[in-house]
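Below is one structure, written out as structure tokens, with a few remarks after it.
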Amino acid sequence: MKTLTAPFTEEQVRQLKVGDMVEITGLIYTGRDAVHKWLSEGNEPPKNEVDLNNSIIYHCGPVVMKKKNAWTVTAAGPTTSIREEPYQAGIIEKYKLKGVIGKGGMGEKTRIACQKFGCVYLHAIGGAAQVLAEKIVRVEGVYGYEKFGSPEAIWKLQVVKLPVVVTIDAHGNSLHAEIEKQSSAELQTLFAGMKK
Amino acid sequence: MKAKQQALFLESLVEIIRKTSTEMPADVVRAIEKGRAVEAESTSAKYAMNIICDNIGIAKVKSQPLCQDTGTILFFIHYPAKTDYELMTKLIKKAVAAATKKGYLRQNSVDSLTGENNGTNVGPGSPVIHAEPWKKDFFDIRLMLKGGGCENVGAQYSLPDGRVGAGRDLLGVKKVILDAVQQAQGKGCGPGVLGVTIGGDRGTGYFVSKEQFLRKMDDKNPNPVLAKLEDEIVQEANRLGIGPMGFGGKTTLMGTKIAALNRLPASFFVSVSYMCWAFRRQGAKVSVQGAIQKWLY
Ligand code: SF4
């Protein structure tokens, strides 16, 4: 088990390799479709509220309830990351993001940006909404609640030991590409053995 | 139905939805445990399976949705022939809206033309209700919640298929099913379960493939040809090495359930539905008075 603890640095990130199991501790931000589009149109959130520099973005639309004036997250599983592929590389470059958390993997542009700018793609366990919600110890705030709606807003979350797996590292490797290639070769072997 | 009966029926429906969304059926838990046991220690596959098992435990204790995507809401119902059908569907929709309000279902249904979400999960095509009358004097109400991620990796093949090299025979059928698993990679939140229909028209093929998920994980197909095919698909798919979440590993598929329908001489469809590990389906025997008498899974 490896750890990624705030403040996130390029040095920490460069030490990670695909397949590593990692626990993240520190402040992270959620962001999904609306936010990625908005950011890539050149908009910037006010820095005193949301400082994306060297941060980690989580592709997640959490379910957040307000109880006695405090926010609590009741479900926080990852959403499919590939929808952000057109925007992600630019955002990694601009804010020197150290990590992107999501599910399902991302494409070539993101892989290259991770390598170039020292970022990693961290795969959370799809569907594990309850385990992931329990790792969020505090909601520090929210930006764009009105503008984007609750699931699409930027939530500032303090997490402790959020479990993920590195599937794109900062050295140009993608576990998704590797598994795709291996499984495709194995399928052809299976087919070859099936000839009547 | 009298007012009191209606109220009880509504309450039972909400309870079926709650249990489906928050508790994994025992047969699926056993399959997941089996998958966890075969993965090697200190691998990301084991790590993923451990987290999945923890998640199942927490969701049940907290009575919170297993996964936040509470999916397409699919009802499969048998009802006593003298039931007021319109009233029954009205109560089902009411139960869905009530369960959404309580947070057992996410506000998950969007108008395809306007993008609007009315927040109730009730609208054209939601919930999906398949209902048939029968002679018995109780309801058999089964519910499946099927997430979007796994629905997106479903596939329908028309044999022969040149890309896969699959002809119009059982070997061709097997090839396209395995191809669907390879194409899906980890994107459907595997380890998954396949529901497959060989034959039928396009619409019926997909419908019956989903219906296969009503079968228990550990049942045996009464048709020996299909039973053999089901076993072979699981064994061979697990040689692909895709593993939980696509991290690599031994458990890519936990099960496969296959049905065969007649087809036209001109068509040969193979329809594959993929169910994610968050395999949510439950069912209950409900009396004509509207009370749950027995859970079916
Ligand atoms: S595919 Fe299943 S487990 Fe994954 S996010 Fe969708 S509903 Fe949840």
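Remarks
- The protein assembly as shown: C-alpha gyration tensor shape, a/c 1.5 cut-off, then a/b vs b/c: oblate
- When shorter helices are ignored and each DSSP H run of at least 4 residues is given -39500 (n - 2.57), the per-residue value for chain A at 222 nm works out to -9000 deg cm²/dmol.
- Counting only protein heavy atoms and a probe of 1.4 Å, the accessible surface of chain A is 51% carbon and sulfur.
- Taking GluC sites (Glu not before Pro) across region A:37-116, the ones in a DSSP loop with at most 15 further Cβ atoms lying within 10 angstrom of their Cβ are A:Glu41, A:Glu49.
- Relative contact order (percent, whole number), region B:149-275, Cα cutoff 8 Å, 6+ residue spacing: 42 percent
- When the accessible areas of A alone and B alone are added and the area of the pair subtracted, with a 1.4 Å probe, the result is around 3200 Å², both sides summed.
- Peptide A:184-193 has a mean shielding of 5, counted as Cβ atoms of other protein chains within 10 Å of each residue's Cβ.
- Accessible-area ranking of A:Val100, A:Val18, largest first, probe 1.4 Å: A:Val18, A:Val100
- Carbon and sulfur %, accessible surface of region B:45-172 computed with the full protein complex present, 1.4 Å: 51 percent
- Reduction of at least 40 Å² in accessible surface, 1.4 Å probe, comparing all protein chains with the chain by itself, residues of region B:55-71: B:Asn55, B:Ile58, B:Gln64, B:Gln68
- Computed over chain A: relative contact order in percent, which uses C-alpha pairs under 8 Å that are six or more apart: 28 percent
- In a simple Cβ point-charge model (Lys, Arg +1; Asp, Glu -1; nothing else charged), the protein assembly as shown has a dipole of about 1080 debye relative to its Cα centre.
- Charge tally around B:Ala31: other residues with Cβ under 11 Å, Lys/Arg +1 each, Asp/Glu -1 each, net +1.
- For region B:146-193, size of Cβ-based charge dipole, Lys and Arg +1, Asp and Glu -1, in debye: 20 debye
- Once the Cα atoms are used to define both axes, helix A:108-117 deviates from the longest principal axis of chain A by about 60 degrees.
- Accessible area per residue in Å² at 1.4 Å probe, computed on chain A: 42 Å²
- Counting Lys and Arg as +1 and Asp and Glu as -1 over every other residue whose Cβ lies under 13 Å from the Cβ of B:Asn117, the net charge comes to -2.
- Cα gyration tensor shape for chain A, rounded if a/c is under 1.5, else prolate or oblate: prolate
- C-alpha long axis of helix B:170-184 to longest principal axis of chain B, angle in °: 80 degrees
The values are calculated or read from the model by the stated rules, or taken from the named source; none is laboratory data. The structure displayed is predicted, hence computed values, not measured ones. Positions of Cβ are backbone-derived with ideal geometry, glycine not excepted, and every protein chain shown enters the neighbour counts. Only protein heavy atoms, including side chains, enter the accessible area calculation; ligands, DNA and RNA are left aside. Shrake-Rupley method; radii C 1.70, N 1.55, O 1.52, S 1.80 Å.
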